[in-house]
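What follows is one structure encoded as C-alpha cells, with my remarks underneath.
Just so it is clear, none of the values below were taken in a lab; they were calculated from the coordinates. Keep in mind the model is a prediction, meaning the values are calculated, not measured. Neighbour counts run over all protein chains shown; Cβ positions are idealised from the backbone, glycine included.
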Amino acid sequence: MSDLLTCLQASSKTEMRLAWRQYGIDFSALLWHGFQALGNHWQHRLLRCSNYHPEQQSLLGRHWYLRIIQARTEGTLPAWEGIRLVRDKTNPAAES
C-alpha cells in the first residue's frame, strides 16, 4: 500500500517510474508467495490445471526482470550484455 502512495506522490517522471517499478517488484513477490501457498494447499487439483505452471514461471520471470532493472538503475549490478566490436585487418593485395 505504501508503494502506491509513493507512486501518487512522485514529483517527477523519474521518481514515478522508480516508484512503479518498486510497486511491481513488491506486488510480483506477493503474488509469487500466493502461488506457492496455493500450490502447497491445492497441489492435487493444480496438477490437472494446464496453465498453472506457465503462469507461475511467467510471473517469476517478470519479477526477476524488474529486480535486474532496479539493480542496474541503482548501480549495484554492472552491465554484462553488450556488443563486441572487432576490427579485422584485411590485406588489400589479397582482395584483388
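Compute the length gained on full extension between residue 60 and residue 87: take 0.36 nm times their separation in residues and subtract their Cα-Cα distance, giving the result in nm to one decimal.
Full extension of this stretch gives 5.8 nm more.
Using r as the Cβ-Cβ distance of residue 36 and residue 70, and R0 as 30 Å, what FRET efficiency do you calculate, to the nearest 0.05?
Once rounded, the FRET efficiency stands at 0.85.
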